[in-house]
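Engineer: Can you keep this structure in mind? I'll have questions shortly.
Values in this text are rule-based calculations from the coordinates and carry no lab data. In this text, all values refer to a predicted model and were calculated from it rather than measured experimentally. Note that each Cβ is placed from the backbone with ideal geometry, even for glycine, and that neighbours are counted across all protein chains shown.
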Amino acid sequence: MNEMTSYLIGLTLVTAGVTFLLRAFPFLVFGAAKKPPELIRYLGEVVSPAAIAMLAVYCYWAYFKARPFSAAYGWNLPEIISGLLVIGLHLWKRNALLSIIPGVILYMFLVQKVFP
């Protein structure tokens, strides 16, 4: 076994161990039967949507900074239309997969067939 293979096996084992410990941490701290404190439950409900919203805003900001609105880029309509579809579906159905998958399909259709 060469040095690179040993390194990759070690890296994989460390990553798997850390992932397992991070997943097991709440159960080790709070136990399976105890309810977590209200603050932890509140953060569990609020942090994920806030992180997704920040990521979406940052991605759109970075994307539109690199590709300004112009006819050369199709006025960025595929991104805007797909984003509005995702937002609309999520507000309507409150289901992440049902929101994201049609948005991706619409975006791929728009960039390949409508705005090539």
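Engineer: Does Asn76 satisfy the criteria of being more than 21 Å from Ser48 (Cα to Cα) and touching a helix residue (DSSP H, G or I) at 6+ places or on another chain (Cβ under 9 Å)?
Structural biologist: So Asn76 passes the test.
Engineer: Among the residues of segment 62-79 satisfying the criterion of being surrounded by fewer than 17 Cβ atoms within 10 Å (Cβ to Cβ) and within 18 Å of the chain's Cα centre (by Cα), which is farthest from Phe115 (Cα to Cα)?
Structural biologist: So, considering only residues that are surrounded by fewer than 17 Cβ atoms within 10 Å (Cβ to Cβ) and within 18 Å of the chain's Cα centre (by Cα), the one farthest from Phe115 (Cα to Cα) is Ala62.
Engineer: Moving on to the next point. Pick from segment 31-61 the residues that are of a type outside the set (A, V, I, L, M, F, W, C) and within 19 Å of the chain's Cα centre (by Cα): which of them is surrounded by the most Cβ atoms within 10 Å (Cβ to Cβ)?
Structural biologist: If we filter segment 31-61 for residues that are of a type outside the set (A, V, I, L, M, F, W, C), which is where we start, we get 31, 34-38, 41-42, 44-45, 48-49, 58, 60.
Going one step further and asking which of them are within 19 Å of the chain's Cα centre (by Cα), we end up with 44-45, 48-49, 58, 60.
Values: Gly44: 11, Glu45: 9, Ser48: 11, Pro49: 11, Tyr58: 10, Tyr60: 14.
Checked segment 31-61; the qualifying residue surrounded by the most Cβ atoms within 10 Å (Cβ to Cβ) is Tyr60.
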